[in-house]
Amino acid sequence: MKSIKWYLLIVQIWIITFDYSLSVLCVPYLLFPAPAGYALGYLTTFDIPMEYQGLVVLLSLAYFCTGILAVFEKRFYIVCAYQATFWKWFRYIWLIGHYLVVTGLYSSFLLLIPDQKGLKEKVFRTLPCLPQYIYKAPILVITENYTYHFIVSCLFIIIYTVEGTLLSGFVILTTKKQLQTRKMSRNAFQLQKSTFIALLTQMLVPLIMIIAPCTYGWASLVAHYQNQALMNFAMITGSLHGALSTVIMVTVHRSYREAIQDVFRSSSRRESTNDHNKYLFVVINY
């Protein structure tokens, strides 16, 4: 755990950034299947354009996924490529490249935002009857053709999934090989196994809270299916990702559980000490 603690901290920072940007700062209200919506968050009070608010959400999500990939790369480097001179320095270029590429690709979405003149009325004609407050809202139409956005998102998912699978696969195969050739003891193997399973659980299970809403969103766009209640529920589900991630982190890692238990133990000790001091004070005064 010590070897990846800073990587886990970075992932947690991106998780916090994503959750706060989605559920506090931006709070997007999407009108799918029309690629349009408006923001309800605190950044709106500062007159920050909605397209930049949406970019903050997208980039924090992309950086969070890149942080997860970096955790598995670190495990790969320690287990498989620690003595590889080429990967020792190239891994930094590889990681920085991921951050730069996703930044460039998602920032390019801003260039595809069309002229908003007349688009708001066009969007409302494609949607069923909506509450009056939505018609008065400052709607932003993201694009008239989401093909580029769809391709970029698919490439992002495919590349990150393939890389994560390869890195994890190499770690598993190398660890098994070290056990078979007796370069690793059975106890060390069990420790490596439990740590790796805990990492997989911590990183991948909370992603369901993001994958499910994104899947529904794209399905709604492609199938031209409109259900505002489901869309709002999808956004709420995505905003709960950080809570689930924290619970799983405390659950699967013993060190985190012990730290939380120590906090409660010290708190109960202080309370018992204060009660004891109050009792002595009463007795002495009596």
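Using the Karplus relation 6.51 cos²θ - 1.76 cosθ + 1.60 with θ = phi - 60°, the per-residue 3J(HN,Hα) values for the stretch 91-102 come to 4, 5, 5, 4, 6, 4, x, 4, 4, 5, 5, 5 Hz, with x marking Gly and Pro. Using a cut-off of 14 Å between beta-carbons, work out the net charge of the residues near K136 (Lys and Arg +1, Asp and Glu -1, K136 not included). Surrounding charge for K136 is 0. In order along the stretch 137-152, the Karplus-derived 3J(HN,Hα) couplings, from 6.51 cos²θ - 1.76 cosθ + 1.60 at θ = phi - 60°, round to 6, x, 5, 10, 8, 5, 6, 9, 9, 8, 4, 4, 4, 5, 5, 4 Hz, and Gly and Pro are given as x. With contacts taken as Cα pairs under 8 Å and at least 6 residues apart, the stretch 9-86 reaches a relative contact order of 32 percent. Distance between the pseudo-spin-label points of L155 and S194 (7 Å out from Cα toward the beta carbon): 4.3 nm.
Note that the stretch 27-35 has calculated 3J(HN,Hα) couplings of 6, x, 10, 8, 10, 4, x, 6, x Hz, one per residue in order, obtained from phi through the Karplus relation 6.51 cos²θ - 1.76 cosθ + 1.60 (θ = phi - 60°); glycine and proline are x. Among the listed pairs K88/K193; K88/K176; K74/K177; K5/K74; K74/K176, those whose Cα-Cα separation exceeds 21 Å are K88/K193; K88/K176. Which of rounded, prolate, oblate describes the stretch 45-195, given a ≥ b ≥ c as roots of the alpha-carbon gyration tensor eigenvalues and a/c under 1.5 marking rounded, otherwise prolate only if a/b is larger than b/c? Taking the square roots of the gyration eigenvalues as a ≥ b ≥ c, the stretch 45-195 is prolate. To the nearest ten degrees, helix 254-285 and the longest principal axis of the Cα atoms of the chain are 70 degrees apart. Against the main long axis of the alpha-carbon atoms of the chain, helix 208-223 sits at an angle near 20°. Summing charges over all other residues whose Cβ lies under 15 Å from the Cβ of L58, with Lys and Arg as +1 and Asp and Glu as -1, gives -2. In a fully extended conformation the segment linking S185 and F46 would gain 44.2 nm over its present Cα-Cα distance, using 0.36 nm per residue.
Would you mind checking the stretch 141-179 for residues with the amide N under 19 Å from a putative spin-label position 7 Å along Cα→C-beta of S107? Residues passing the 19 Å test: 149, 152-153, 156. The packing ranking of peptides 44-57, 219-232, highest mean first, is 44-57, 219-232, where packing means the average number of other beta carbon atoms within 10 angstrom of each residue.
Peptide packing for 177-188, 144-155, 160-171 was compared via the average number of neighbouring C-beta atoms within 10 Å per residue; ordered from the highest value, the list is 160-171, 144-155, 177-188.
None of the figures in this text is laboratory data; all of them are computed from the coordinates on show. Every value quoted in this text rests on a predicted model; they were computed, and no experiment measured them. We place every Cβ from the backbone using ideal geometry, glycine too, and count neighbours over all the protein chains shown.
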